[in-house]
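Note sheet for the following structure.
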């Protein structure tokens with residue numbers, strides 16, 4: 001086929017496709033308009049939902065800041081002071097409500113504060129539950145390692161040394177030596193290993209702490225323990 005005939009054939013084919021498309025659109029004009037409207041409405045709705053979600057999250061950030069301030073104020077108050085109990089009850093209610101919202105930072109921080117309150121009230125099992133709930137959702141942020149460390153401390157208060165050791169070990173396994181709580185976790189491991197009379201492992205853990213974090217206060221404590229073992 002010559003180039004001219006080939007071009008003409010392709011042009012004719014293009015015309016047929018265009019004509020068929022035009023005929024389809026003409027025949028289904030209402031359907032096409034409805035489809036376009038649905039798409040536009042969907043995009044607008046998506047934008048609105050996204051905007052509302054972002055606005056709600058910003059409000060939650062503001063709220064957790066306010067609740068943390070209130071928590072600090074309550075800690076400085078006398079429990080017999082007028083208005084203390086009402087302020088305390090309102091704080092608990094708002095923290096509980098915020099903690100149930102989602103898995104975002106403000107909700108996780110609210111659950112973490114609830115854990116701290118339970119610890120201060122010596123409700124150690126409730127504290128463990130709150131800290132573990134935060135860790136499960138923290139996805140590697142600092143609240144995850146902090147919550148594991150506090151869960152270990154709460155477990156110790158419950159007299160469950162094996163569980164406390166498990167949480168300290170889990171912290172090191174998950175976060176290595178990058179978390180701020182890593183020196184504390186290593187010292188906790190060594191201390192509990194020593195307590196269970198696993199002295200060789202305790203020495204190794206204390207030495208690892210001294211080598212890995214030489215400027216840490218926990219390293220100084222570890223060196224003191226090594227001198228006594």
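The values are calculated or read from the model by the stated rules, or taken from the named source; none is laboratory data. In this text, all values refer to a predicted model and were calculated from it rather than measured experimentally. FYI the Cβ positions are ideal-geometry reconstructions off the backbone, even for glycines, and counts take in every protein chain you see.
Test residue 109 against the stated conditions and say whether it is at pLDDT below 95, closer than 30 Å to residue 188 by Cβ and outside the structural domain of residue 186 (by TED's automatic domain parsing).
no
Among the numbered criteria (1) at pLDDT below 95; (2) outside any helix (DSSP H, G or I), which single criterion is violated by residue 73?
Here residue 73 clears every test but (2).
In this structure, is residue 85 under 26 Å from residue 151 (Cβ atoms) and at pLDDT 85 or above?
Answer is no for this residue.
Checking residue 84 against (1) surrounded by 16 or more Cβ atoms within 10 Å (Cβ to Cβ); (2) more than 11 Å from the chain's Cα centre (by Cα), only one condition comes out false. Which one?
Result: residue 84 fails condition (1) only.
Residue-wise test of (1) under 20 Å from the mean Cα position of the chain (by Cα); (2) crowded, with 16+ Cβ neighbours inside 10 Å.
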| position | (1), (2) |
| --- | --- |
| 159 | no, no |
| 165 | no, yes |
| 180 | yes, no |
| 186 | no, yes |
| 198 | no, no |
